[in-house]
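Asks: Here's a structure for you.
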Amino acid sequence: MTSARKPHGISISWLLIGGVGGIVLAGLLVILFLGLNVARDNTNILLLDKVENLVNQIEAKLAGHLEPAIRFSDAVGPRLEKERDLLAGPVIEDLLRIMAPLPQIRGVGLVLRDGRVLEIGREGLIIRTVREKIPNVDTVDRALQTTKGVSWGSPFYVEAINQAVMPVRRPLFQAGKYIGFLTTAVTITDLSRFIGSLQVLGGKAFVLYGKDHLLAHPILEEADLSSFLGLTSPLLNVKHSGDKVLFAFRNGPTEDMFLLKEHSSLVGRHLVIDDEDHVVFYREIAGFGPKPLIVGAHLKPSASDIGRSFDRIIATAWVGLAVLTLVLVAAFYLTRLVRRPVRALARASEAVRNLDFEGTEEIPGSFVRELDEAASAYNRMIVGLRWFETYVPRTLVTRLMRSDDPEAAVTRERRVTVMFTDIVGFTRLSQSLGAREVAENLNAHFTHLNAAIEETGGTLDKYIGDSVMAFWGAPVRQEDQATRACEAARMIARSIGEENRKRQAANLPPLHVRLGIHTGRVVAGNIGAPGRINYTVVGDTVNVANRLEQLGREVAPEAEVSILVSAATVDAAGEGFDFQPAGSHQLRGRNEAITVHRLTVGSS
């Protein structure tokens, strides 16, 4: 049996006054110390969410602008591969119709291996030319022959519209043979127009193609770039953009922003240009061409933001000190309100821990609402536990609580002795009785059985109609488990004899009871569904004990109490019992015969 716990730890008074107050004070000091050291970097933290949202908008716009070209190529490609003549009028009309609701697609082209080329412009312009006029056509052609699905190509300059486009290419096959490819040109001017409309907190947003070329930037909408762009330079180089921050970012020294090292989304860089601080936030994305795209924004932190952050930290410290004072005063008075009912609840809980439901007194109410609700809930719980105790094997729970084995309830294999009992012909006897009389007879019978089982340290596992299953040797080990089980059987037999004498005096038919006992290995532990767990034993040993009880109708059909015991139990029980050989029997469900003995009550 476990010893009573000695009081230890601190009282609730010190916990509320000293503990909570000390935690608040320590927290305030830590916040103040850290805040003063990182005040110079607070601007970056304050602006980070806004910049990340900005970068997310740009990335979403970029994907929304370019991905339709992929879907267009995926939709058109299989249809083209089914056409006999890819340059016929109906094919061209289909391409124009499908391209119509996608304004970002500037045009499409069909480049065939037989030398023919068809270019279709957005305004319905149709140009038929030859492969030799397509730059790098052979290189692209060789790459696409071993490519599955669509792929992005490098941006190229379209002189007719004086701007660069992004190409999406899809190889075409007929009868498993490569016949050419479909190219879809996507404009990128709208991206710069969108970026120019964003609020960038005094800075600028951008999309870089690779490291040094602008794919989208406000300057691409504002300035005349005809002198910088052409067939050999479809995109504007950063050094010609006039954006000195972006130029320094790509070509000058930068410093990692240490506050973003654990941030999983953006990369931050700090630059100093003309003695002014600038920060660049960006994210690198792939999948839209041979080179990665860099999406980001740069801005200049305001000194006033840092000052306001520092002032907020100082103000927070003073407010925190005031709050600390109020917390200490409030904790002092709060202690008086909660200490008494909490102590009462602790004493009552200790009684519940010992399963002393009858001796547990009700907790008086409190004018503190939560404490009053706790007391009321506890009192209702005691009422429920008193009912619950009726349906739960209290001796089993107590035995588990007091066990020195910390793994007493762990499911594992054990050696136990199992007993089954059954009233012979109870169904026939109960037909002449009312429901209440049936229940009263069963309750009286089970009372005798339960007393014998508990007195010998057994566990009453379950009631099965008018039968009982019990076991010894679990959850607590019992070296004399077989002796205990046989002694319980003998006590049951004697109580049945006394009960039958009373029934005979009352002109009632006698009871005939069969018992089966077997010792062996079982799986013992908590078994059942999450909402209905039962500590029980399962295995062949249980089945044998049940079959021995049923065998009683053949071995001793007229006996007042038939107790059949296996040879394993006889060997384990030792001396002190009168075991009579009953032969070898083949039990139902077993391949081998088992030696059976009868336990008689005459010997002690």
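The values are calculated or read from the model by the stated rules, or taken from the named source; none is laboratory data. Note that the structure is predicted; figures quoted are calculated from it, not measured. With ideal geometry, Cβ positions are generated from the backbone for all residues, glycine too; neighbour counts draw on all protein chains shown.
Asks: Quick check, is residue 464 closer than 17 Å to residue 548 by Cβ and without any contact (Cβ under 8 Å) to a residue 12 or more places away in the chain?
Replies: yes
Asks: With respect to residue 488, is the statement that it is within 19 Å of residue 541 (Cα to Cα), modelled with pLDDT of 90 or more and assigned by TED's automatic domain parsing to the domain that holds residue 549 true?
Replies: yes
Asks: Among strands (runs of 3 or more DSSP E) lying entirely in the stretch 535-604, which contain 2 or more residues that are under 56 Å from the mean Cα position of the chain (by Cα) and buried (at least 18 other Cβ atoms within 10 Å of the Cβ)?
Replies: Here the list reads 561-566, 594-600.
Asks: Does residue 454 meet the test of being touching a helix residue (DSSP H, G or I) at 6+ places or on another chain (Cβ under 6 Å) and among the charged types (D, E, K, R)?
Replies: Judged against the criteria, residue 454 is a match.
Asks: Being β-branched (Val, Ile, Thr), at pLDDT 80 or above and not assigned by TED's automatic domain parsing to the domain that holds residue 150 narrows it down to one residue among 280, 200; which is it?
Replies: Of 280, 200, the one residue that is β-branched (Val, Ile, Thr), at pLDDT 80 or above and not assigned by TED's automatic domain parsing to the domain that holds residue 150 is 280.
Asks: Sort out which residues of the stretch 155-183 are at pLDDT 85 or above and of a type in the set (Ser, Thr, Tyr), and write them in order of number.
Replies: Passing the criteria: 178, 183.
Asks: Just to confirm my filter: which helices (runs of 4 or more DSSP H) fall fully inside the stretch 363-472 and include at least 2 residues that are of a type in the set (D, E, K, R) and modelled with pLDDT of 70 or more?
Replies: The helices (runs of 4 or more DSSP H) meeting that bar are 369-391, 435-455.
Asks: Moving on. Collect the residues in the stretch 167-193 that are touching a residue at least 12 places away in the same chain (Cβ under 8 Å) and surrounded by fewer than 18 Cβ atoms within 10 Å (Cβ to Cβ), keeping them in residue-number order.
Replies: Once the filter is applied, which keeps residues that are touching a residue at least 12 places away in the same chain (Cβ under 8 Å) and surrounded by fewer than 18 Cβ atoms within 10 Å (Cβ to Cβ), the stretch 167-193 yields 173, 174, 178, 179, 189, 190, 193.
Asks: Follow-up. What about residue 305, is it modelled with pLDDT under 85, touching a Pro at 6+ places or on another chain (Cβ under 7 Å) and closer than 19 Å to residue 203 by Cβ?
Replies: no
Asks: So which residues in the stretch 63-102 are in a helix (DSSP H, G or I), small (Gly, Ala, Ser) and surrounded by fewer than 16 Cβ atoms within 10 Å (Cβ to Cβ)?
Replies: Of everything in the stretch 63-102, those that are in a helix (DSSP H, G or I), small (Gly, Ala, Ser) and surrounded by fewer than 16 Cβ atoms within 10 Å (Cβ to Cβ) turn out to be 63, 64, 75, 89.
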